[in-house]
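Every read-out reported here was derived from the displayed coordinates using simple, explicitly stated rules and does not represent laboratory data. Quick caveat, the model's predicted, so the values are computed rather than measured. Cβ placement follows ideal geometry from the backbone for every residue including glycine, while neighbour counts extend to all protein chains displayed.
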Amino acid sequence: DGGITQSPKYLFRKEGQNVTLSCEQNLNHDAMYWYRQDPGQGLRLIYYSQIVNDFQKGDIAEGYSVSREKKESFPLTVTSAQKNPTAFYLCASNGVDRGKEEQYFGPGTRLTVT
Amino acid sequence: SQKIEQNSEALNIQEGKTATLTCNYTNYSPAYLQWYRQDPGRGPVFFLLIRENEKEKRKERLKVTFDTTLKQSLFHITASQPADSATYLCALEPGTASKLTFGTGTRLQVTL
């Protein structure tokens, strides 16, 4: 079955630690995205990548980093510089051609930092 | 400034009635607009895309309109069912780089 997987579903970390969230897709999509969702604020774009070895900052990139070494994978690192890291993180992907604009989302990772 | 507004208050309707959700935007000229459904604790699921040159689109019990003059999209679910209960998000392509900007979503609750 094609789709997007995110792991783990729940993640707990102590303040000051970096943490990496995994996102893998087998849909052969060129573009991948990371969003953060907080209650009442909808989805906010952190980083996105339209091609391997290239990525761009979204609206709230500070305190986060990404890599895109393979088409299938787009891991997100939440660094200790992120002031409010506790949130629900969603990864998505889509094709870049007309007619393939809908984004496919993973199940999300809920990160709690204490 | 650019804004997408969806009614943050939950919409409660009775089974069988038509639910209408609203998405208003300012200072965007989107090439298209999308609607997604999100259940609690899960990722959003794509529902429908409507382009700037399309005024209306239908899919089963769903009708979506897109008025680029009013800068508004309406999402209608007819003959609503309790299974339609979820949060519905609108998202638009702001004209650059094929990324999406999402609204905050409206929670729909359909009761028996």
Inter-label distance, nm, simple model (7 Å from Cα along the C-beta direction), A:Arg98/A:Phe12: 5.2 nm
Please get the size of the charge dipole for chain A, origin at its Cα centre, with Cβ charges of +1 on Lys and Arg and -1 on Asp and Glu, quoted in debye to the nearest 20. 360 debye
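For a quick check of your reading of the filter: which chymotrypsin sites (Phe, Trp or Tyr not before Pro) in segment A:1-75 sit in a DSSP loop and have no more than 16 other Cβ atoms within 10 Å?
Those that pass, being in a loop and sparsely packed, number zero.
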Pair B:Gln14, A:Ser67: separation of 7 Å Cα→Cβ label points (nm): 5.9 nm
Convex hull around the C-alpha positions of chain B: the volume in Å³ per residue is 100 Å³
Per-selection Kirkwood Rh - the protein assembly as shown (Cα, Å, 1 d.p.): 18.2 Å
For a quick check, take a GNM of chain A with Cα springs below 10 Å and name the residue from A:Lys14, A:Lys57, A:Lys71 with the largest mean-square fluctuation. A:Lys14
Counted neighbours (other Cβ, 10 Å), sorted fewest up, put A:Glu62, B:Glu15, A:Glu72, B:Glu93 in the order A:Glu62, B:Glu15, A:Glu72, B:Glu93
Efficiency of FRET from Cβ geometry, A:Thr112 and A:Ile51, R₀ 25 Å, rounded to 0.05: 0.15
A:Lys57: which lysines have alpha carbons under 21 Å from its alpha carbon, excluding same-chain residues fewer than 8 sequence positions away? A:Lys70, A:Lys71, A:Lys83, B:Lys3, B:Lys99
Which of B:Ile13, A:Cys23, A:Tyr64, positive extreme of dipole for the protein assembly as shown (C-beta unit charges): B:Ile13
Could you line up B:Leu11, A:Leu43 from fewest to most neighbouring Cβ atoms inside 10 Å? B:Leu11, A:Leu43
Can you work out the Karplus-derived ³J(HN,Hα) for every residue in segment B:51-57? Use 6.51 cos²θ - 1.76 cosθ + 1.60 with θ = phi - 60°, whole Hz, and x for glycine or proline. 8, 5, 8, 10, 8, 8, 9
Percent breakdown of C-alpha pair distances by 10 Å bin, ordered from the shortest bin, for chain A: 15, 50, 30, 5, 0
